Amino acid sequence: MVSLEKEALVIPKVSELMISSEKVAHVQVGNPLEHALLVLVKTGYSSIPVLDPTFKFKGVISKSKILEETLGIEEFELNRLSDIQVKEVMDKDFPYLHHEDSMIDALHKLIDFPFVCVIDDDGEFDGIVTRRTILKQFSKHYHETFKWV
Ligand code: 2BA
């Protein structure tokens with residue numbers, strides 16, 4: 001079990017850990033699922049944030065949700081994807097963080113989700129915090145604390 005020395009661990013804020021919005025792949029609520037699948041396949045991610053035209057965070061769309069929509073009775077019906085909008089199938093019940101939240105707030109949310117979106121006071125999307133970033137922080141602290149390991 002990892003024991004972190006409370007005094008030595010400087011807890012960063014979400015603003016110091018996030019990947020900023022310009023580096024994050026996203027789709028819009030009104031995009032057809034066909035477009036969302038293309039973005040997901042091209043970027044290699046399994047899920048990405050969904051924004052409205054004013055850049056507000058609205059939910060998350062995943063490859064698995066999109067594939068579910070293509071399931072016909074006997075075969076995959078990919079042509080359905082141009083008739084369905086992202087907002088109809090996206091996951092709306094997704095947590096978010098604010099800039100001033102701490103790494104520990106992010107850690108709690110990242111137990112159940114691979115990334116969490118960061119929004120400002122108006123709900124505008126500013127970026128994401130990923131599991132990788134948090135794990136790297138803990139790994140760094142662990143090795144700095146127990147240099148002989
Ligand atoms: P996943 O797409 O399921 O990816 C799981 C992990 O696999 C990622 O963990 C990363 O370590 C690796 N990975 C997958 N695709 C990658 C790629 N194209 N380039 C580099 N590494 C890749 P995390 O980095 O912790 O990311 C967690 C989740 O955050 C990802 O889950 C994805 O849903 C989202 N994500 C990360 N970076 C993103 C970005 N720039 N734009 C949109 N979504 C992003």
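FYI, it's all coordinate maths here, none of it is from the lab. These numbers come from a predicted model, not from an experiment. For neighbour counting, all protein chains shown are included, and Cβ atoms are generated from backbone atoms with ideal geometry for every residue, glycine included.
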message: Can you say whether T130 is polar (S, T, N, Q), in contact (Cβ under 8 Å) with a residue 12 or more places away in the chain and surrounded by 11 or more Cβ atoms within 10 Å (Cβ to Cβ), as far as the supplied structure shows?
response: yes
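Does K92 fit the bill of being farther than 27 Å from E16 by Cα, among the basic types (K, R) and either surrounded by fewer than 17 Cβ atoms within 10 Å (Cβ to Cβ) or in contact (Cβ under 8 Å) with a residue 24 or more places away in the chain (or both)?
Details: farther than 27 Å from E16 by Cα: no; among the basic types (K, R): yes; either surrounded by fewer than 17 Cβ atoms within 10 Å (Cβ to Cβ) or in contact (Cβ under 8 Å) with a residue 24 or more places away in the chain (or both): yes.
It is false that K92 is farther than 27 Å from E16 by Cα, among the basic types (K, R) and either surrounded by fewer than 17 Cβ atoms within 10 Å (Cβ to Cβ) or in contact (Cβ under 8 Å) with a residue 24 or more places away in the chain (or both).
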- request: Have a look at L33, L71, L107 and point out the one that is in contact (Cβ under 8 Å) with a residue 24 or more places away in the chain and either more than 30 Å from K140 (Cα to Cα) or in contact with a strand residue (DSSP E or B) (Cβ under 6 Å, 6 or more places away or on another chain) (or both).
  value: L33
task: Give the residues of region 9-24 that are within 16 Å of the ligand (Cβ to nearest atom) and β-branched (V, I, T), sorted by residue number.
output: V14, I19, V24
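Among the residues of region 43-60, count how many are more than 6 Å from the ligand (Cβ to nearest atom) and closer than 17 Å to L97 by Cα. Don't jump to the end; show me each part of the working.
First pass over region 43-60, keeping only residues more than 6 Å from the ligand (Cβ to nearest atom): 49-60.
Now narrow it down to the ones that are closer than 17 Å to L97 by Cα: 49-51, 55-60.
Result for region 43-60: 9.
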